[in-house]
Each structure stands twice: as structure tokens, then as C-alpha cells.
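Report on the structure given below.
The values are calculated or read from the model by the stated rules, or taken from the named source; none is laboratory data. Quantities reported herein were computed from a predicted structural model and do not represent experimental measurements. Cβ: placed from backbone, ideal geometry, glycine included. Neighbour counts: every protein chain shown. Areas reflect the complete protein model, heavy atoms only, side chains present, ligands, DNA and RNA absent. Shrake-Rupley method; radii C 1.70, N 1.55, O 1.52, S 1.80 Å.
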Amino acid sequence: MNKIWLILLIAITMMAAGCSGDDAETTTYTDDDVEITVTTPEDAENEWCPVGTTWQASNPQTGESMDMEIVGTEVIDGVTLCKAVVEIEPVTEDIAKIEYLWSEEAEMVIWTSYDASGNVKSEMSIIDEVMTITDENGQVMTFDMNEQ
């Protein structure tokens with residue numbers, strides 16, 4: 001499952017950068033037994049937030065899968081963020097769903113993970129170069145990304 005997490009991170013980074021391949025086609029490839037399919041609507045060409053883009057990864061040997069879709073935008077603190085939703089099957093480490101939001105220049109990023117009942121498991125945000133991580137118990141850790 002760690003391999004799927006790595007592939008998910010790479011796919012999200014590619015989508016955030018607008019590099020998910022030919023926008024009018026579905027692309028499928030296999031990497032270490034994980035089949036990955038990326039589909040981007042034709043009308044989303046050259047958009048930084050290509051709504052309707054989907055990314056699916058599955059491992060036929062284990063039955064594990066992740067499905068992600070860019071569902072729209074949200075405005076938080078006056079900043080427009082692109083929003084993707086990731087569904088995980090089977091639930092891994094009690095995480096069934098992740099909402100991922102990012103700004104066009106990636107100066108603001110928010111990850112929120114949920115359990116199967118829809119309860120928040122954790123949240124990670126990077127806002128004004130400060131990373132804040134909040135766990136399911138409300139414990140908060142903050143890191144200034146400018147400090148060495």
C-alpha cells in the first residue's frame with residue numbers, strides 16, 4: 001500500500017502542475033503491479049484546476065485501489081483552491097477518503113483525511129509557509145518552513 005501512496009502523491013503533483021498528459025485522452029499504464037488510469041476532459045485543456053479529471057490506481061493482486069477526482073474549487077481566506085477527493089479501498093490506516101486542496105502557485109495546500117464514518121482523522125495545511133498538522137484528537141503541531 002505504501003507504493004500506492006507514493007504513486008498518489010506523484011499523480012497529485014502532476015495534476016497540480018497541469019502535467020497529467022494529453023488532456024483529451026485516457027492514459028493507462030502499469031508500475032510494479034499497480035495499474036494507473038488518468039482521464040482528463042477535453043474542455044479542461046490548459047487549466048490549472050482541470051475539473052472532472054480522474055486518476056485511478058488499482059492492484060489486481062491485492063484488491064487495493066484509490067480513485068481521485070478533481071471536483072471543483074473552494075475559496076479559503078480569499079485564495080481560490082483546486083479541490084480533489086480521493087477514495088481508498090480497502091480503508092487503510094483507518095483512512096477511507098482524503099480531500100486535497102491546493103492553490104495555483106501551491107503557496108496554500110490543505111490535506112484532510114477521513115475515516116469510513118466521515119470523521120476527520122487528520123489535517124495538514126501549509127499556509128504562509130507554516131505547516132500545521134492536526135491529529136484526530138485535536139493535537140496540533142506547527143512547523144515554520146523558513147526555519148532551518
Some residue of segment 54-61 being in a loop (DSSP other than H, G, I, E, B), touching a helix residue (DSSP H, G or I) at 6+ places or on another chain (Cβ under 9 Å), at pLDDT below 95 and at negative phi: no
Qualifying residue in segment 77-84 (condition: modelled with pLDDT of 90 or more, exposed (fewer than 11 other Cβ atoms within 10 Å of the Cβ), more than 30 Å from Gln61 (Cβ to Cβ) and not acidic (Asp, Glu)): yes
Residue count for segment 31-51, restricted to those that are at positive phi and either surrounded by 15 or more Cβ atoms within 10 Å (Cβ to Cβ) or assigned to a strand (DSSP E or B) (or both): 0
Close pairs (7 angstrom Cβ cut-off, 6 or more residues apart or separate chains): of a type in the set (A, V, I, L, M) in segment 92-106, assigned to a loop (DSSP other than H, G, I, E, B) anywhere: Ile95/Asp115; Ala96/Asp115; Ala96/Ala116
Failed criterion for Glu107 (all others in (1) under 14 Å from the mean Cα position of the chain (by Cα); (2) under 19 Å from Trp48 (Cβ atoms); (3) open to solvent by 50 Å² or more (accessible area, probe 1.4 Å) hold): (1)
Some residue of segment 5-14 being modelled with pLDDT of 80 or more and open to solvent by 80 Å² or more (accessible area, probe 1.4 Å): no
